[in-house]
Amino acid sequence: MSCDNLLADSRPPTTYVIKRQKLLTLQRQLALEVHMVKLLDPTLTPHQLNQALLKYTSFYEGLVSRGFRLVYQEPNYLSPKFKTVSGVTLTVCAEQLWINSHPTPTAPLIAPLHPGDSTLEILAQMDEV
């Protein structure tokens with residue numbers, strides 16, 4: 001789910017996967033492609049911009065609260081987009097690598113994938129762990 005889908009979501013400002021703490025505690029690292037294009041909307045009022053920033057921030061705070069630390073970020077050089085807010089320039093589109101500093105030490109391996117397994121079935125298996 002992209003960060004912009006997060007903004008359109010009526011649920012609290014964390015994605016379904018972020019809410020699945022048990023699933024995330026099994027992960028040692030996450031590679032994310034970030035698209036915070038809502039920040040580029042010139043029609044946003046200051047209040048709407050602030051709300052968008054709060055939702056993006058809560059997404060990252062959800063990762064940090066589960067032990068993840070950002071270890072690498074690279075802007076999208078093919079289509080560089082930046083937004084300056086209150087003197088801070090943000091990269092709107094970027095690649096990020098997050099490392100879990102507190103992974104579950106006895107995390108079992110996920111059952112092997114079989115032809116025909118759906119993503120939901122795989123997530124259900126992970127949630128049962």
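The values are calculated or read from the model by the stated rules, or taken from the named source; none is laboratory data. These numbers come from a predicted model, not from an experiment. Heads up, the Cβs are rebuilt from the backbone with ideal geometry, glycines too, and the neighbour counts pull from every protein chain shown.
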Just wondering, is there one or more residues in the stretch 71-79 that are surrounded by 15 or more Cβ atoms within 10 Å (Cβ to Cβ) and either out of contact with any Lys or Arg (no Cβ under 7 Å at 6 or more places or on another chain) or hydrophobic (A, V, I, L, M, F, W, C) (or both)?
yes
Given the structure, is Val85 aliphatic (A, V, I, L, M) and either over 29 Å from Ser101 (Cα atoms) or without any contact (Cβ under 8 Å) to a residue 60 or more places away in the chain (or both)?
yes
Can you name the number of the only condition in (1) part of a loop (DSSP other than H, G, I, E, B); (2) charged (D, E, K, R); (3) at pLDDT 90 or above that Arg11 fails?
(3)
Those residues of the stretch 33-63 which are among the β-branched types (Val, Ile, Thr), out of contact with any strand residue (DSSP E or B) (no Cβ under 7 Å at 6 or more places or on another chain) and either touching a residue at least 60 places away in the same chain (Cβ under 8 Å) or in a helix (DSSP H, G or I) (or both) amount to Val37, Thr57
Just give me the residues in the stretch 64-83 being of a type in the set (A, V, I, L, M, F, W, C), under 21 Å from Val37 (Cβ atoms) and outside any strand (DSSP E or B), in sequence order.
Leu78
Residues being more than 18 Å from the chain's Cα centre (by Cα) and either of a type in the set (S, T, N, Q) or surrounded by 12 or more Cβ atoms within 10 Å (Cβ to Cβ) (or both): count how many of those fall in the stretch 80-102.
7
